[in-house]
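Enquirer: Before I ask anything, let me first share the structure, which is written out below as structure tokens.
The values are calculated or read from the model by the stated rules, or taken from the named source; none is laboratory data. As the structure is a computational prediction, the values presented were derived from the model and not from experiment. FYI the Cβ positions are ideal-geometry reconstructions off the backbone, even for glycines, and counts take in every protein chain you see. The protein model used for the area step is the full one, side chains on, heavy atoms only, and it has no ligands, DNA or RNA in it. Shrake-Rupley method; radii C 1.70, N 1.55, O 1.52, S 1.80 Å.
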Amino acid sequence: MAEKRRAEDAEPITAQETKKAKSDGTKQDDPHWATPLSSFQDFEMIKILNDHPKTKSVFVHGKFKGREEEAVVILEKTPFSEETLPIALSGETKLKVGLKNDIYGNYHGTPPAQVNGIKVSVVYPATPKHLVKYSQQESYLVQETEDDYKNITLPFLEKEAFRIQWVYNILEHKMESERIVYEDPDKETGFILLPDMKWDLKQVNDLYLIAIVHKHGIRSLRDLTAKHLPLLHNILKKGQQAIREKFNIPPCKLRIYLHYQPSYYHLHVHFTHLNFDAPGSGVERAHLLTDVIEHLEMMTDYYTKKTLSFCLRENDQLLAEFKKAGRVPEKSV
Ligand code: M7G
């Protein structure tokens, strides 16, 4: 079963299904999971994978009644916005007193539904790799040399990477085309800029967009050389411009970076609001695009040669490969 799932991950299966669904427009050609959900009526929780009180989010593993495939559901409370505050601070919000002492009071508030929404992300069908990705696990810092990349990481990625059909769907305008903020269609230096799945667009405080390059075959930071500089400059300049025009956020309020390791090995750049502590924006994973550009300007094979550090988690198969090669100390306490 595990083998079968892995093969499905590597082999994009949804392209034909999406095309089929488009060609005659009939619902029955869609896989059942292609239809958006309207509630969690048939959802059965199996397990809480992870829970973050600080970000007020929870990751849940579950199933839909009568369906074989499993799902990961992510629930997250959203930040307040200036526009909705007047509703939250109106007579429509009911208050129940918890404590009242002199000038101090604590209440449990129940605001009206329109300001009480939560952000919901669903991965369905979720593969075993998604369950690992979203589970709480111990992390270990790994230092990947040029040789480690060639001998451990690259062979692993070639057979095990997450499938990136969702990326091709965006690039081919099959999915999310109405969400595109900016597109440069050039095959070499072009990209699509659109809201990241993690952003609900309700407020700009947690703005999160991604730029996905049109060019295929650039897996990650490791593949970048000076020949990609026009592409990177283009993403930086036009991405900043588009965000200023559309969301009125100046470049000095944006954190623009690449992940290493990414989850999806088709080059993309993250644009987040500087005030937003986005997951994955720490020094062990985020590489500022401006730094990347400067390093490549100084040395074309900088990212081929550089030892790169990143965290791997306990159940991550890549960690097992590093351990097998004797490149991570066994449980260092
Ligand atoms: P990453 O660095 O490869 O991995 O970033 P991460 O998910 O571990 O950060 C990929 C980015 O693409 C993430 O920020 C995801 O939230 C985002 N993303 C993933 N999917 C499957 C989608 C999608 O279907 N649509 C959009 N718009 N964004 C996605």
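Enquirer: Quick one: what do you get for region 111-253 if you divide its Cα Rg by 2.2 N^0.38 Å?
Expert: My calculation over the Cα atoms of region 111-253 gives 1.24.
Enquirer: Next question, about the same structure. Give me the dipole magnitude in Debye, nearest 20, for the chain about the Cα centre, with unit charges on the beta carbon: positive for Lys and Arg, negative for Asp and Glu.
Expert: Dipole magnitude for the chain comes out near 380 debye.
Enquirer: A follow-up question, please. Return one whole number: the accessible area per residue of region 126-176 in Å², for a 1.4 Å probe.
Expert: Spelled out: the 1.4 Å probe surface of region 126-176, per residue, equals 48 Å².
Enquirer: Still on this model: When the chain is treated as a GNM, springs tying every alpha-carbon pair under 10 Å, which of 39, 281, 309 comes out with the largest mean-square fluctuation?
Expert: Most flexible of the set in this elastic network: 39.
Enquirer: In whole Å, what three semi-axes, largest first, describe the equivalent ellipsoid of region 109-149 built from its Cα gyration tensor (square root of 5 times each eigenvalue)?
Expert: Semi-axes from the Cα gyration tensor: 38, 15, 10 Å.
Enquirer: Can I ask one more? Report the local net charge at residue 118: Lys and Arg +1, Asp and Glu -1, summed over other residues whose C-beta lies under 12 Å from its C-beta.
Expert: Taking every other residue near residue 118 into account, the sum is +2.
Enquirer: Taking the Cα centre of region 95-176 as origin, work out the dipole magnitude from +1 charges on Lys and Arg Cβ and -1 charges on Asp and Glu Cβ, in debye rounded to 20.
Expert: Result for region 95-176 is approximately 640 debye, rounded to the nearest 20.
Enquirer: Putting +1 on Lys and Arg Cβ atoms and -1 on Asp and Glu Cβ atoms, find which of 111, 218, 39 reaches farthest to the positive end of the dipole of the chain.
Expert: Most positive-ward Cα: 111.
Enquirer: How much of the accessible area of region 85-241, in percent, comes from carbon and sulfur atoms when a 1.4 Å probe is used?
Expert: The computed percentage sits at 55.
Enquirer: Which whole-number percent of Cα pairs in region 151-209 have a distance greater than 18 Å?
Expert: Of all Cα-Cα distances in region 151-209, 51 percent exceed 18 Å.
Enquirer: Also, I was wondering about something else. With an 8 Å Cα cut-off and a minimum separation of 6 or more residues, compute the relative contact order for the chain in percent.
Expert: 16
Enquirer: Follow-up. In nm, to one decimal, how far is the modelled label at residue 324 from the one at residue 69, with both set 7 Å along Cα→Cβ?
Expert: Output for this residue pair reads 2.9 nm.
Enquirer: Just the Cα atoms of region 188-252: what Rg and Dmax do they give in Å?
Expert: 13.0, 38
Enquirer: Sticking with this one: Hey, any idea what Rg/Rh is for region 43-127, computing Rh the Kirkwood way over Cα pairs?
Expert: Using Cα coordinates only, the ratio equals 1.13.
Enquirer: Rank by packing, highest mean first: peptides 48-61, 194-207, with packing defined as the count of other Cβ atoms within 10 Å averaged across residues.
Expert: Put in order of decreasing packing, that is 194-207, 48-61.
Enquirer: A further question on this structure: For the chain, list log₁₀ I(q)/I(0) at each q in 0.09, 0.10 Å⁻¹, using the Debye formula over Cα point scatterers of equal strength and ignoring solvent, two decimals each.
Expert: -0.58, -0.71
Enquirer: Under 20 Å from a label point 7 Å along Cα→Cβ of residue 196: give me every residue in region 98-128 with its amide N that close.
Expert: Within reach of a label on residue 196: 118-124.
Enquirer: Now for a different question. Calculate how steeply helix 229-247 sits against the longest principal axis of the alpha-carbon atoms of the chain, using the helix alpha-carbon long axis, and give the answer as 0 to 90 degrees to the nearest 10.
Expert: With both axes taken from Cα atoms, the answer is about 10 degrees.
Enquirer: Using the alpha-carbon centroid of each, what span in Å lies between region 135-171 and region 59-78?
Expert: Taking the Cα centre of region 59-78 as reference, the centre of region 135-171 is 24 Å away.
Enquirer: Roughly how many nanometres apart are two label points built 7 Å out from the Cα toward the Cβ at residue 82 and residue 48?
Expert: Taking the simple label geometry, residue 82 and residue 48 are separated by 3.6 nm.
Enquirer: Name the trypsin sites (Lys or Arg not before Pro) in region 59-143 that are in a loop by DSSP and that have at most 11 other C-beta atoms within 10 Å, would you?
Expert: Within region 59-143, the qualifying trypsin sites (Lys or Arg not before Pro) (loop, at most 11 other Cβ atoms within 10 Å) are 65.
Enquirer: Could you tell me which residue out of 268, 240, 283 lies farthest along the dipole of region 237-283 toward its positive end? Charges go on the beta carbon: Lys and Arg +1, Asp and Glu -1, centred on the Cα centre.
Expert: Farthest towards the positive end: 240.
Enquirer: Testing the spin-label approximation: label points 7 Å from Cα along Cα→Cβ at residue 288 and residue 160. State their distance in nm.
Expert: My value for the distance between the label points is 3.3 nm.
Enquirer: Any idea what angle helix 289-298 forms with the longest principal axis of the chain, computed on alpha-carbon atoms, 0 to 90 degrees, nearest 10?
Expert: Compared with the principal axis, the helix lies near 10 degrees.
Enquirer: I've got another one for you. Could you calculate the FRET efficiency of residue 241 with residue 101 from 1/(1 + (r/R0)^6), where r is the beta carbon distance between them and R0 is 35 Å, rounded to 0.05?
Expert: The formula returns an efficiency of 0.05 here.
Enquirer: What is the sum of charges around residue 89, taking Lys and Arg as +1, Asp and Glu as -1, for the other residues whose C-beta is under 13 Å from the C-beta of residue 89?
Expert: Result for the neighbourhood of residue 89: -2.
Enquirer: Hey, another quick one. Can you give the extra length, in nm with one decimal, that the chain gains between residue 187 and residue 33 once fully stretched, where that is 0.36 nm per residue apart less the Cα-Cα distance?
Expert: Going from the current span to full extension adds 52.3 nm.
Enquirer: Calculate for the chain the 222 nm mean residue ellipticity that helices alone would give, adding -39,500 (n - 2.57) per DSSP H run of length 4 or more and normalising by residue count, nearest 500 deg cm²/dmol.
Expert: Result for the chain: -7000 deg cm²/dmol, rounded to the nearest 500.
Enquirer: In the structure displayed, which of 65/133; 159/323; 63/133; 129/198; 63/129; 54/150 lie more than 27 Å apart, Cα to Cα?
Expert: 54/150
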